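In what follows, a structure is listed as structure tokens, so that the remarks can point back to it.
The values are calculated or read from the model by the stated rules, or taken from the named source; none is laboratory data. Treat the numbers as computed from the prediction; the structure is a model and nothing was measured. We place every Cβ from the backbone using ideal geometry, glycine too, and count neighbours over all the protein chains shown.
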Amino acid sequence: MCAVLGSAFLAAGALLMGYAFKLPEFDGFVVANVMLALGGTFIFLPSFQIANAFPKYSGTIVATVTGAFDASAAVFLFYRLAYQSSNGAFTPQKFFFGYLAVPVLIFVAQFTIMSPDNYKTMPELEQKLEKAENVFEDVSLSNALDQDVPLLTPDRSTPQTKNSVTMKSDACVRAVVNIASLSLTS
């Protein structure tokens, strides 16, 4: 949702800036700058959630995203260099109308490349895992143990009954619970 709003604000800001340079009687600079600022913020803030996908490296990811956002200001420096080297032929209106490609690409990427679901935080994942463990233990494990169903040992060679189940089989059950919870998350 934020990327869609951010794209809309960026597109509106770029259009207003382009027309402000094209039409001398139209003064849209203030509103255009506000739109560009809002669009950038709406794109920037949700990008922090990608750090939840890699909790071990979340600090590095947040620092990289912040650095990339700060470096994006260099676009206008490069425009200035292009404007000066072209002796004014590359006008601001051409730049801002060309800049409309950025919100269009962001909008398209949001619906084609980006995941439709938010990345989960560690507490959300732990809660989901606990829920999956409870469901699995309540149904499958209690039924198997109550019926004295033979369980395989970790080496999968010798069946054992409920009375001879060891701590190793408990580890196997936890592995199955983890696999079941992964299938529930997808």
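The table below lists the values:
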item: Residue check for L10: in a helix (DSSP H, G or I), touching a residue at least 40 places away in the same chain (Cβ under 8 Å), over 19 Å from F96 (Cα atoms) and not basic (K, R); result: no
item: Close pairs (7 angstrom Cβ cut-off, 6 or more residues apart or separate chains): under 27 Å from Y79 (Cβ atoms) in segment 98-124, modelled with pLDDT under 90 and of a type outside the set (V, I, T) anywhere; result: I106/A3; Q110/A3
